[in-house]
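The values are calculated or read from the model by the stated rules, or taken from the named source; none is laboratory data. In this text, all values refer to a predicted model and were calculated from it rather than measured experimentally. Positions of Cβ are generated from backbone atoms using ideal geometry, with glycine treated the same way; all protein chains shown enter the neighbour counts. Ligands, DNA and RNA are stripped out before the accessible areas are found, and what is left, the full protein with its side chains, is counted by its heavy atoms. Shrake-Rupley method; radii C 1.70, N 1.55, O 1.52, S 1.80 Å.
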Amino acid sequence: MGVMGLAPDEAGLHSTAPPRFCGGNLDCKELVAGSSLFLPVAVAGGLFYVGDGHGAQGDGEVSVTAIECPMEQVDLTFFVHEQRTLTMPRAKTTRGL
């Protein structure tokens, strides 16, 4: 998925296009099945959102191109790590943390 994030603690409407401290349009090609994404939680309940299915992507989608495709099923598991303090997204992939 190209877009994964939590709601920021800021009033108003927020675009999911730019990546930000709480996630967003991350487009990280290493975030595949089996990866872990760690996001700072800014509001009660987190309010996670996901979308923008990609069959393939580069890092950052800087040229605004990816192989967009519908996703019939996305399997996500959530854990709250209260002992961890983050100020930006972190990921654990097959290449490490």
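Couple of notes before you dig in:
- R0 of 25 Å, Cβ-Cβ distance K29-Y49: FRET efficiency to nearest 0.05: 0.80
- Note on the chain: Rg/Rh from Cα positions, Kirkwood definition for Rh, rounded to two decimals, is 0.94.
- Cα→Cβ-extended label distance, 7 Å offset, between E72 and L13, nm: 3.4
- Solvent-accessible area, 1.4 Å probe, carbon plus sulfur percent, for the chain: 56
- Peptides 44-57, 21-34, 75-88 ranked from most to least packed give 21-34, 44-57, 75-88, packing being the mean of other C-beta atoms within 10 angstrom over each peptide's residues.
- Solvent-accessible area per residue in the chain equals 70 Å², computed with a 1.4 angstrom probe and all protein chains kept.
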